[in-house]
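Each remark here refers to the structure printed beneath this line.
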Amino acid sequence: MPKGYWVAHVDVDDMDTYKSYIAANAAPFAEYGARFLVRGGGSETREGQARARTVVIEFPSYEAALACYDSPGYQAAKALRDPVSTGDLVIIQGYDG
């Protein structure tokens, strides 16, 4: 079964408030088996445009990645993030070749 991934590109306007989102998303991420592969860190844009922060999260399955996003716990955390950030999020099925 292919893994699932969240790939997010985010600009944060208020890091102090954003930290409350980080604290709130810990429980749903643990519940759905999320594992951070990239969480900010240095980057260099070689093509196109990018936001300031890139996050890649691995889930045990594509279904778990979708379920986590739709869960009440994550949606409550997201409500903390939305007013202080702008971002793009793709949930993608991993390659199981």
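Each reported figure results from applying straightforward, stated rules to the coordinates on display, with no laboratory input. Here the structure is a predicted model, which is why all the values come from computation and not from measurement. With ideal geometry, Cβ positions are generated from the backbone for all residues, glycine too; neighbour counts draw on all protein chains shown.
Values as computed for the structure displayed
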{"read-out": "Backbone HN-Hα couplings from phi across segment 85-97 [Karplus 6.51/-1.76/1.60, Hz, Gly and Pro as x]", "value": "8, 10, x, 10, 9, 10, 9, 10, 7, x, 7, 10, x"}
{"read-out": "Relative pair counts by distance (%), Cα atoms of segment 8-97, 5 Å bins", "value": "3, 13, 22, 27, 19, 11, 4, 1, 0"}
{"read-out": "Span-rule helices in the chain, defined as complete DSSP H runs reaching 20 Å or more along the axis (Cα) with Kyte mean at least -0.5", "value": "15-31"}
{"read-out": "Sequence-separation-based contact order of the chain, relative, with Cα cut under 8 Å and 6+ spacing, percent", "value": "53"}
{"read-out": "Estimated dipole of the chain in Debye, rounded to 20 [Cβ of Lys and Arg +1, of Asp and Glu -1, Cα centre]", "value": "180"}
{"read-out": "FRET efficiency estimate (nearest 0.05) - Cβ-Cβ, Arg46 to Thr86, R0 30 angstrom", "value": "0.85"}
{"read-out": "GluC sites (Glu not before Pro) lying in DSSP loop within the chain, provided at most 10 other Cβ fall within 10 Å", "value": "Glu44, Glu47"}
{"read-out": "Amide H contacts of Ser71 (H built 1.01 Å from N, under 5 Å, at least 5 apart or other chain)", "value": "none"}
